[in-house]
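What follows is calculated from the coordinates using simple rules that are stated; it is not laboratory data. Please read all numbers here as calculations on a predicted model, not as lab measurements. Cβ sites come from the backbone with ideal geometry, for glycine too, and all protein chains shown count toward neighbours.
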Amino acid sequence: MCTSSRISSTTTTTTPPPVTTVAAEDLRVCVPWWDDVDATDPRAVGRWGEALVYQYLLQRYPGWRVTWLNEKKESSAFYDIKLESPPPHRRVV
């Protein structure tokens, strides 16, 4: 679970500016269990990557709904994570 002190449960409708580069320390706080991943197992690495993106989006977009479709089991959807802005102008990314 992401342990960054920058995570807020406050709802906001402001969209953060686009990010092209993410600092390593911002990612490190989101997925502290990298040492437990078998880097030779493509499925484990893929799951780790999805978890990283999920936790990062929770941190980056407070107040938005972030859904990790494959959190419990493989969904076979065309995407792994859904991001929805808060009402009243709901956007799905």
### Task
Sort the following peptides by mean Cβ neighbour count (other Cβ atoms within 10 Å, averaged over residues), highest first: 41-51, 70-80, 56-66.
56-66, 41-51, 70-80
### Query
For residue 79 and residue 25 in the same chain, what is the full-extension length gain: residue separation times 0.36 nm, less their Cα-Cα distance, in nm?
16.8 nm
